[in-house]
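Notes to accompany the following structure.
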Amino acid sequence: MSKVRLVVTAVVVEGRTHAEVAADYGLSRSWVTKLVARWRVEGEAAFEPRSRRPRRSPAAIGDEVVELIVNLRAELDREGLDAGPHTICWHLQHRHGIVVSPSTVWRRLTELGLVEPNAKKRPKSSYVRFAADLPNEMWQSDFTHWRLVTGAEVEIITWLDDHSRFALSVTAHRRITGPIVVDTFNQTSCEHGFPASVLTDNAMVYTTRFSGGRGGRNAFETRLADLGVIQKHSAPNHPTTCGKVERFQQTLKKYLTAQPTANSLNELQALIDEFTGTYNNHRPHRSLDRATPTAVYNRLPKTGPQHNGADTHFRVRHDRVDTTGSVTLRHNSRLHHIGIGRAHKHTPITLLVADLDIRIIATQTGELLRHLTLDPTRDYQPQNPP
């Protein structure tokens, strides 16, 4: 039995005064009087719980704003773009001049059944976050795969500024090769200036550090060394180190999935360019306090390489002289043949390499078989060069 029924029954059936009932049940006399009067008018309905909703809400948004929120949600979803409450608020303010709180947007979307609950995720506080202090202090790069309507697989390479998340360059190619990495880096640098450092994974187009020393520096590593750009790598099997560019590629793929599948590289590049323009200029970024990447990239002065000149690349290689009396050595992604002499064929050797300075030693005896300065323009390094 509810307390309201108890109070009304005590007054009406027992005939007790309002003051007595109020004192017995810890209520005010005026409230007892109000309950009895309500029962005399409404009967049994007076005992039902009443809504606590306020009679008027001056801050409530109108139906036309709710409709606008729903339409923006559908539009962003259809285009494969972020459609969360903060993004919707940004579009409401910048496109329609309407200021609404994210919590209000979320509440309305939830009431309409437009918000799907997410599975429990690892808390964001558990991640160790880092970000460069200035634009061009560090660029991240990675490439990902995509499929055309013909079924042909292509690859998309991205250069992203770590400080601002600004997409510096996003281009599609049949296959990402070492020369393409160097070319896209050079083109991006011509437009935005050289970075102080570059962060990538350990793909062979970026680094040969896991090749056992046989390949030397590839063309990209050589280019960075010549410019004085620091090269950084993620730990093996640890993609979160390059998390910003990985997350960008995830967002890009979500957008591409929502578009008609491209028939050719040119069509795919047109879609990528359209997305990049939206991402850089018209998409507020949560990690940037809802600013756009372009605004953050242009807000501070840009940095660049902190030192000039190449740093010496040292490596030690163990090999064996082939039957022609020579040994091969790769420099700047180009294979060179070094003549030692047929008399030493099959001899185990150790190569001490300091960029172009090379010493070839017989491993078993320690005899110096040859000391030379590599000529990068020649494939074969003769024993008695002219």
Worksheet item: Which whole-Hz ³J(HN,Hα) couplings does region 41-54 yield from phi under the Karplus relation 6.51 cos²θ - 1.76 cosθ + 1.60, θ = phi - 60°, glycine and proline marked x?
Response: 8, 9, x, 4, 4, 5, 8, 6, x, 9, 5, 9, 5, x
Discussion item. How many angstrom lie between the Cα centre of region 136-189 and the Cα centre of region 327-363?
Written reply: 35
Practice prompt. Give a residue-ordered list of calculated ³J(HN,Hα) values for region 252-263 (Karplus: 6.51 cos²θ - 1.76 cosθ + 1.60, θ = phi - 60°; whole Hz; x for Gly, Pro).
Written response: 4, 5, 4, 5, 5, 5, 7, 9, x, 4, 5, 8
Discussion item. Compute for the chain: radius of gyration divided by Kirkwood radius, i.e. Rg/Rh, restricted to C-alpha atoms, rounded to two decimals.
Written reply: 1.30
Discussion item. How compact is region 33-99 by the rule of thumb for globular proteins, expressed as Cα Rg over 2.2 N^0.38 Å?
Written reply: 1.93
Worksheet item: In nm, to one decimal, how far is the modelled label at D319 from the one at L134, with both set 7 Å along Cα→Cβ?
Response: 4.2
Worksheet item: Label R247 and R147 with points 7 Å out from Cα along Cα→Cβ: what is the distance between them in nm?
Response: 2.8
Response to the item:
The set of residues whose placed amide H lies less than 5 Å from the amide H of R217, leaving out same-chain residues fewer than 5 positions away, is N332
Item to complete: Give me the distance in nm between label points sitting 7 Å out from Cα along the Cα-to-Cβ direction at E155 and R95, one decimal.
Response: 3.6
Worksheet item: Taking the Cβ-Cβ separation of L112 and S28 as r and a Förster radius of 56 Å, what is the calculated FRET efficiency to the nearest 0.05?
Response: 0.85
Worksheet item: Relative contact order for region 1-75 using alpha-carbon pairs under 8 Å, separation at least 6, rounded to a whole percent?
Response: 23
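Rule-based calculations on the coordinates, nothing more; no lab input. Everything quoted here is computed from the prediction, not taken from an experiment. Every residue, glycine among them, receives a Cβ derived from its backbone with ideal geometry; neighbour counts consider all protein chains shown.
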